[in-house]
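Novice: Got a structure here, written out as structure tokens. Questions coming.
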Number of protein chains: 2
Amino acid sequence: MSHMGYARLMALDREHVLRSAAALLTRKSTATMDEVAKAAGISRATLHRHFAGRDALVRALEALGIAECEAALTRARLDDGSASDAVRRLVREIQPAAGLLAFLYGENQLWETEGDPGWSRIDARIGTVFVRGQQSGEFRIDLSPVWLTEALYGLIASCAWAAQDGRVAPKDFTHMIVELLLGGALRREEP
Amino acid sequence: MSHMGYARLMALDREHVLRSAAALLTRKSTATMDEVAKAAGISRATLHRHFAGRDALVRALEALGIAECEAALTRARLDDGSASDAVRRLVREIQPAAGLLAFLYGENQLWETEGDPGWSRIDARIGTVFVRGQQSGEFRIDLSPVWLTEALYGLIASCAWAAQDGRVAPKDFTHMIVELLLGGALRREEP
DNA sequence: CCCATGTGAGACATTCATGTCTCATTATAG
DNA sequence: CTATAATGAGACATGAATGTCTCACATGGG
């Protein structure tokens, strides 16, 4: 059946194109459609056949980022064990998507917040673990879950960018982020 | 003397234009030269008389940001007292420039690092306070000064953006950043 | 073999920000 | 008042990226 074969190949191509675009745009967020096509090893015409335009491409990347976040969230099993360990697992699981996330984080600063494509759900899931940590007494309560979530995004993006420029070592990704974030969020035991 | 009067007015206008541009570009980093001109209350022609082009404007904003950083660094007297207090003073002093800094931080992600316009000196000054804190035993040593500096930038930008969108309260700026950053950088006293 | 489908290459029009220019008007110093 | 200089308004050309289209090629199934 040519139709099914077609659909399957398309899906694979689409996936490959998205990965390439993510890798390129992470490094150079202003890359041209032509550059994106070249990076994916296809022509600009074919790129336009997969994604109607630049907007569609970016929105597809956003959908991919959201999907990877959701998957990382699930893999991290945020409800299990201590909140600290949950956050540590989350950062570890989210690391492979950090570059894409950093790109999207930067792009979001210049989008008018239209219909929410799914970030609010992710915000909520992450926020929940901070709330749980506060309720269990693990985390200090003078830093709001919203701010902690925001700070987590910021640290992930910062670390991804710094690693991109070789200012920090990618292998320390989880350690740097978790230790800094949790060190601030974790309530200090009284001496 | 028309020449001196001219020069002085120009300087004032230039300052005003830069402030307006900073405020606008902080909110909308893709704003047009025309929008920038309107925001400053001048015509596009006059804007071009002050700044040869968009690049020149952005570079002027960068110079302004660097100058404000240097000034904040000096006012914070990073060499006095404990490193923690020094960082706290720094964040407090840098808050007025946070919006501009966030804009420049975002822009820098898509610039090829040409001739350094002055950021490395600022990096060094900030890095020094973290080194001092580590040497005095105030800060943990498993987080490098480079990463701490990077994280500070990231947190400032995150907080500025979050405040812009109303997700966090601007009045808590210093508290949120310092408590999160220092909580991670400050060595925990053993129980 | 033949047909259908995906693809690459390239031409083409369009849009938009930019940069440059002119000219009339305003304001300011002398 | 007069001349100098800055401004605002707008026309204009330019360049870059985008989106659309056509056509030739190749690849794979029937």
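The values are calculated or read from the model by the stated rules, or taken from the named source; none is laboratory data. Remember, it's a predicted structure, so these values are computed and weren't measured experimentally. No Cβ is skipped: glycine too gets one built from the backbone with ideal geometry, and neighbour counts run over all protein chains shown. Ligands, DNA and RNA are excluded from the accessible area calculation, which covers all protein heavy atoms including side chains. Shrake-Rupley method; radii C 1.70, N 1.55, O 1.52, S 1.80 Å.
Novice: How big is the dipole moment of chain B about its Cα centre under a simple scheme where the beta carbon of each Lys and Arg is +1, that of each Asp and Glu is -1, and everything else is neutral? Debye, nearest 20, please.
Specialist: Roughly 620 debye for chain B.
Novice: Jot down the radius of gyration and Dmax of region A:140-186, Cα atoms only, both in angstrom.
Specialist: 11.4, 35
Novice: Would you mind computing, in nm to one decimal, how far apart the modelled labels at A:H48 and B:V131 are, each placed 7 Å from Cα along Cα→Cβ?
Specialist: About 5.4 nm, to one decimal.
Novice: Label-to-label distances across copies for A:A67, with labels 7 Å out along Cα→Cβ, in nm, shortest first?
Specialist: When each copy's label point is compared with this one, the spacings are 5.0 nm.
Novice: Let me check against my output: what whole-number percent is the relative contact order of chain B, with C-alpha pairs under 8 Å and at least 6 apart?
Specialist: It rounds to 20 percent for chain B.
Novice: Also, I was wondering about something else. How much of B:T174 can a 1.4 Å solvent probe reach, expressed as accessible area in Å² and rounded to 10?
Specialist: 20 Å²
Novice: Suppose we keep just the alpha-carbon trace of the protein assembly as shown; what are its Rg and Dmax in angstrom?
Specialist: Calculated on Cα positions, Rg and Dmax stand at 22.6, 87 Å.
Novice: Evaluate peptide A:97-105: per residue, the Cβ atoms of other protein chains within 10 Å of its Cβ; return the mean as an integer.
Specialist: 1
Novice: On the full set of protein chains, 1.4 Å probe, figure out the accessible area of B:R77 and give it in Å² to the nearest 10.
Specialist: B:R77 exposes around 120 Å² with every protein chain in place.
Novice: Rounded to the nearest 20 Debye, what is the dipole magnitude of region A:70-171 about its Cα centre when Lys and Arg each give +1 and Asp and Glu each give -1 at the C-beta?
Specialist: With Lys and Arg at +1 and Asp and Glu at -1, about 500 debye.
Novice: Can I ask one more? Straight-line reach from A:K38: which lysines have a Cα under 16 Å away, not including same-chain ones fewer than 8 places off?
Specialist: Of all the lysines, those that pass the test against A:K38 - Cα under 16 Å, at least 8 places apart if same chain - are A:K28.
Novice: Take every Cα-Cα distance within chain A, group them into 10 Å bins from 0 onward, and report for each bin the whole-number percent of pairs it holds.
Specialist: Per 10 Å bin, starting at zero, the Cα-Cα P(r) for chain A comes out as 8, 32, 31, 18, 8, 2, 0, 0 percent.
Novice: Tell me, what ³J(HN,Hα) does each residue in region B:20-34 have, in order and in whole Hz, if you take phi through Karplus 6.51 cos²θ - 1.76 cosθ + 1.60 with θ = phi - 60° and put x for Gly and Pro?
Specialist: 4, 4, 4, 4, 6, 5, 5, 7, 9, 5, 9, 4, 6, 4, 5
Novice: Positive end of the charge dipole of region A:58-185 (Lys, Arg +1 and Asp, Glu -1 on Cβ, about the Cα centre): tell me which of A:H175, A:L61, A:G127 has its Cα farthest that way.
Specialist: Among A:H175, A:L61, A:G127, the one farthest towards the positive end of the dipole of region A:58-185 is A:H175.
Novice: Right, here's the next one. Label position 7 Å from Cα toward Cβ: report the copy-to-copy distances for A:D80 in nm, one decimal, ordered from shortest.
Specialist: The projected label point of A:D80 is separated from its counterparts by 5.2 nm.
Novice: Is there a simple number for the mean count of other chain Cβ atoms within 10 Å of the Cβ of residues in A:140-147, and what is it?
Specialist: 4
Novice: Amide H of B:F139 versus every other amide H placed in the peptide plane: which residues, excluding those fewer than 5 positions away on the same chain, fall under 5 Å?
Specialist: Those qualifying (amide H under 5 Å, at least 5 residues apart or on another chain) are B:Q134, B:R187.
Novice: For region A:20-99, take N as its residue count and report Rg(C-alpha) divided by 2.2 N^0.38 Å.
Specialist: Relative to the rule-of-thumb radius for its length, region A:20-99 sits at 1.39.
Novice: Here's something else I'd like to know. Rounded, prolate or oblate: pick one for region B:84-176, where a ≥ b ≥ c are the square roots of the eigenvalues of its C-alpha gyration tensor, a/c under 1.5 means rounded, and failing that, prolate if a/b is larger than b/c, else oblate.
Specialist: Oblate shape, in that a/c is at least 1.5 and b/c is the bigger or equal ratio.
Novice: Accessible area of B:Y153, 1.4 Å probe, to the nearest 10 Å²?
Specialist: My reading of the accessible area for B:Y153 is about 40 Å².
Novice: Mind ranking B:D165, B:D13 by accessible surface for me, highest first, 1.4 Å probe?
Specialist: B:D165, B:D13
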